[in-house]
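J.: Here it is, the structure, as structure tokens.
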Amino acid sequence: MGEINLARVDERLIHGQVMTTLSQKAGVNSIFVVDEIVAKDKFMRGLYKSAGSRTGQKTIVITPEKAMYYWDEFNFKDYSCILIAKTIAVMYELVKHGVVMKELNIGGIAKKDPQTDLLVTKAVYLNKEEAKMLKEMQEKYGVEDIYFQATPSLPRTELKDVLKKFDL
């Protein structure tokens, strides 16, 4: 049975030294990129597979639906992976579906709506709905460690501190 060593939300998906450092985490043998658009675009899929291979890890690029199927049917086989997606909503759907993860790192989310998005760390904007999803993932679905950290060398910001900004 496989496992998710680290789940990460980052709009940049696989990029530079961050993924190289994270992929060296003990026991990791693969990177799963879960994104509808990238998985369906042959050029982009190849680009991310190539970028992931530079970390020394097998890189699998799939849609959220395929990730759920692969979990249900095979529990990610013998992969001990970093699971990465562009949005909190994708991670939320995976967790709600039953994909088990204990650690979720929020790395980079850009501002999309100036009316609703709040800067919660130097690299992350959230709206209240996303904050509620994170809270539910921790309280209802067992994601024990949810934190914000753009790069491994920066200090962590804990979910509880971010939720205070939304009065949650």
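Readers should treat all values here as calculations from the given coordinates under stated rules, not as data from a laboratory. What you are looking at is a predicted structure, and each value in this text was computed from that prediction instead of being measured. FYI the Cβ positions are ideal-geometry reconstructions off the backbone, even for glycines, and counts take in every protein chain you see.
J.: Give me the dipole magnitude in Debye, nearest 20, for the range 1-156 about the Cα centre, with unit charges on the beta carbon: positive for Lys and Arg, negative for Asp and Glu.
T.: Working: 22 positive and 20 negative charges, 101 e Å.
It comes to approximately 480 debye.
J.: What do you get for Rg/Rh over the chain if you use C-alpha atoms and the Kirkwood form of Rh?
T.: Values: Rg = 15.1 Å, Rh = 16.0 Å.
Rg/Rh for the chain comes to 0.94.
J.: To make sure I understand, if each residue's beta carbon is the centre and we count other beta carbons within 10 Å, what order do D72, D117, D41 fall in, fewest to most? It would help to have the intermediate numbers written out before the result.
T.: On the way: D72 11, D117 17, D41 14.
Ordered by Cβ neighbours within 10 Å, fewest first: D72, D41, D117.
J.: Another one. Order of I14, I37 from fewest to most other C-beta atoms within 10 Å? Show your work: numbers first, answer last.
T.: Details: I14 28, I37 10.
Ascending Cβ contact count within 10 Å gives the list I37, I14.
J.: Would you mind ranking S53, S30 by Cβ crowding within 10 Å, fewest neighbours first?
T.: Details: S53 13, S30 21.
Ranked by crowding around the Cβ, least crowded first: S53, S30.
J.: Can you tell me the orientation of helix 64-74 relative to the chain, as the angle in degrees between its alpha-carbon axis and the longest Cα principal axis, to the nearest 10?
T.: 60
J.: Right, another one. If you line up the long axis of helix 88-97 against the longest principal axis of the chain, both from Cα atoms, how many degrees apart are they, to the nearest 10?
T.: 70
J.: Between K160 and K122, what length in nm is gained on full extension when 0.36 nm per residue of separation is reduced by their alpha carbon distance?
T.: Between K160 and K122, full extension yields 12.0 nm more.
J.: How many nm is it between the label spots at K66 and E11, if each spot is 7 Å from the Cα in line with the beta carbon?
T.: About 2.5 nm, to one decimal.
J.: So which trypsin sites (Lys or Arg not before Pro) in the range 67-168 are both in a DSSP loop and have at most 16 other Cβ atoms within 10 Å of their Cβ? Walk me through the numbers before you get to the answer.
T.: Numbers: sites: K77, K86, K96, K102, K111, K112, K122, K128, K132, K135, K140, R156, K160, K164, K165; in loops: K77, K86, K102, K111, K112, K122, K140, R156, K165.
In loop regions of the range 67-168 (DSSP not H, G, I, E or B), the sparsely surrounded trypsin sites (Lys or Arg not before Pro) are K77, K102, K111, K112, K122, K140, R156, K165.
J.: Label 7 Å along Cα→Cβ of E36; the range 44-64 residues with amide nitrogen under 15 Å?
T.: Residues passing the 15 Å test: 62-64.
J.: Which ³J(HN,Hα) values in Hz, rounded to whole numbers, follow from the phi angles of the range 104-118 under the Karplus curve 6.51 cos²θ - 1.76 cosθ + 1.60, where θ = phi - 60° and Gly and Pro get x?
T.: 10, 9, 9, x, x, 9, 7, 6, 10, 10, x, 6, 10, 7, 10
J.: To the nearest Å, what is the center-to-center distance of the range 19-67 and the range 70-122, using C-alpha atoms only?
T.: Between the Cα centres of the range 19-67 and the range 70-122 lies a distance of 14 Å.
J.: Sticking with this structure for a sec: Here is the link list: K58/K102; K42/K132; K102/K122; K111/K132; K58/K86; K102/K128. Which ones come out longer than 26 Å on Cα distance? Walk me through the intermediate numbers first.
T.: Numbers: K58/K102 21 Å; K42/K132 34 Å; K102/K122 24 Å; K111/K132 17 Å; K58/K86 19 Å; K102/K128 22 Å.
Pairs exceeding 26 Å: K42/K132.
J.: Would you mind counting up the charge near Y141? Only other residues with Cβ under 14 Å from its Cβ, with Lys and Arg at +1 and Asp and Glu at -1. Don't skip to the answer; put the middle values down first.
T.: Values: positive: K96, K102, K132, K135, K140; negative: E93, E103, E136, E139, E144, D145.
Result for the local shell: -1.
J.: Next up: Is the shape of the range 1-74 rounded, prolate or oblate, going by the alpha carbon gyration tensor and its root eigenvalues a ≥ b ≥ c, with a/c under 1.5 for rounded and a/b larger than b/c for prolate? Display every interim value, and only then the final one.
T.: Values: a/c = 1.77, a/b = 1.08, b/c = 1.63.
Judged from the Cα gyration tensor, the range 1-74 comes out oblate (a/c at least 1.5, b/c at or above a/b).
J.: Once amide H atoms are built 1.01 Å from N in the peptide plane, which residues 5 or more positions from T59, or in another chain, come under 5 Å H to H?
T.: Correct list: I31.
J.: Say the dipole of the chain comes from +1 at the beta carbon of Lys and Arg and -1 at that of Asp and Glu; which of I84, H97, P152 then lies farthest toward its positive end?
T.: Checking the options against the dipole of the chain, the answer is P152.
J.: Now for a different question. Please give the helix 128-139 orientation as an angle from the longest Cα principal axis of the chain, in degrees from 0 to 90, rounded to the nearest 10.
T.: Taking Cα atoms only, the helix is inclined about 70 degrees.
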